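The values are calculated or read from the model by the stated rules, or taken from the named source; none is laboratory data. Predicted model, so just to flag it, every value in this text is computed and none were measured. With ideal geometry, Cβ positions are generated from the backbone for all residues, glycine too; neighbour counts draw on all protein chains shown.
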Ligand SMILES: [Zn+2]
């Protein structure tokens, strides 16, 4: 199965074909769901991540139906703006 390559929509850099494993967080219903080792294509220039659409839909469905195994929902937290940055 061949996939078309799309340039990054932010910086127009051609994305690498191979997927990397990243940590994905979804904020739903005031809780933060952390998914580890999620495949995503990462822009080599700006680092923007591109996820597989159906996979995200599936994860969101699991959140809605509360059938998650392995992902831990934690209370969402807010990071004060002052704490952002180095
Ligand atoms: Zn980019």
Going by the conditions given, is residue 2 away from the ligand (no atom under 16 Å from the Cβ) and modelled with pLDDT of 90 or more?
no
In the range 17-28, how many residues are assigned to a strand (DSSP E or B), more than 15 Å from the ligand (Cβ to nearest atom) and modelled with pLDDT of 90 or more?
1
Is it true that residue 7 is over 17 Å from the mean Cα position of the chain (by Cα), within 16 Å of the ligand (Cβ to nearest atom), modelled with pLDDT of 90 or more and at negative phi?
yes
Does the range 53-69 contain any residue that is modelled with pLDDT of 90 or more and over 16 Å from the mean Cα position of the chain (by Cα)?
no
Output the residue which, of all residues in the range 29-48 that are within 16 Å of the ligand (Cβ to nearest atom) and assigned to a strand (DSSP E or B), is farthest from residue 68 (Cα to Cα).
42
Filter the range 22-48 down to residues that are surrounded by 15 or more Cβ atoms within 10 Å (Cβ to Cβ) and under 17 Å from residue 6 (Cβ atoms) and give me whichever is nearest to the chain's Cα centre (by Cα).
40
